[in-house]
Every structure is written in C-alpha cells, then in structure tokens.
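Asker: The structure is given below, and queries will be raised subsequently.
The values are calculated or read from the model by the stated rules, or taken from the named source; none is laboratory data. Keep in mind it's a predicted model, so treat the numbers as computed, not measured. Note that each Cβ is placed from the backbone with ideal geometry, even for glycine, and that neighbours are counted across all protein chains shown. Heads up: the accessible areas ignore ligands, DNA and RNA and are worked out on the full protein's heavy atoms, side chains in. Shrake-Rupley method; radii C 1.70, N 1.55, O 1.52, S 1.80 Å.
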Amino acid sequence: ESSSSCIETLHDDAKVLKVFPNPEGTRVIVVDSRNEAFVYNVVTDTRVKIDGFPKSSNVIWDMVNEGIFISVESEVKNELTTFVYTTHTTDGATVKKLDNPTKVADTANVTVVHGGRYWGQTNTG
C-alpha cells in the first residue's frame, strides 16, 4: 500500500520536541528544543510564535472555542495558562496570553476544556 503526505513544513534549525494538534487537526502547537512554541495553521501554512509560553507537559485545546488552548505547566502542576489564537486581526494572526495563570487543586489532572471551562480528574477518580 502506498501513502503520500498532504502537507509538509520545515521548522528552522531546532528540533521539534512536542506537537499538540487541535481536535480537527487544522492547528498544531509546536514546541521546539529552544523552548519556543508556535501555533502552526495547517490550512494557511502559517506559524505564529507564542510569547510567554511556559515549559509545558501538556496542551489542551478547547473543544468548543477553536482558538482557545491551555498549557498545563510541568514544573507547577496546579497552574493552567490560557492562550487565545486569533486568525484575523489588524496585525494578522496573533496569540495572546491571558494575564494570570489559573490555580487548580494539586491532585487534579485537567482532562477536558469545553466552552472556557475545564474539567479534571483526581488521583482517586
């Protein structure tokens, strides 16, 4: 069986360490070996740097609001940082970090973001 790729992109000289696609697969958070992060838009083949992106163990996209995603920090497990990706502004595509991280219970593992709200699961279920 043969296969072919539908899109290909290059990422400078840094190694890609992590990728976090949105549910539709049209946007991807790319984290590289320089600890820089970008939103890569597969549809327009464009990349926008995410300023203030923390070292992250996970990124969760909002299931309803296609431009919202949160970063769950690996060093401070109980802090979530929210970002908003907008494709059409007067400055072109942008990513904005919301001001303050959201604190969650130490034992909670965030599993879903839906409509700006997050749900998690504790270690005991």
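Asker: Going down the table (K15/K55; K18/K103; K15/K97; K49/K97; K15/K103), which pairs top 22 Å between alpha carbons?
Answerer: Among K15/K55; K18/K103; K15/K97; K49/K97; K15/K103, the Cα-Cα distance tops 22 Å for K18/K103; K15/K97; K15/K103.
Asker: Also: Once you keep just the Cα pairs under 8 angstrom separated by 6 or more residues, what percentage relative contact order results for region 23-68?
Answerer: Contact order relative to length: 28 percent.
Asker: Does a label point 7 Å from the Cα of T102, set along Cα-to-beta-carbon, have any residues of region 45-59 with amide nitrogen under 17 Å, and which are they?
Answerer: Flagged as within label range: 54, 57-59.
Asker: For the pair A14 and V84, what calculated FRET efficiency results from E = 1/(1 + (r/R0)^6), where r is the Cβ-Cβ distance and R0 = 22 Å, to the nearest 0.05?
Answerer: For V84 and A14, the calculated efficiency is 0.35.
Asker: Let me ask something additional. Can you sort H114, H88 by 1.4 Å-probe accessible area, starting with the largest?
Answerer: H88, H114
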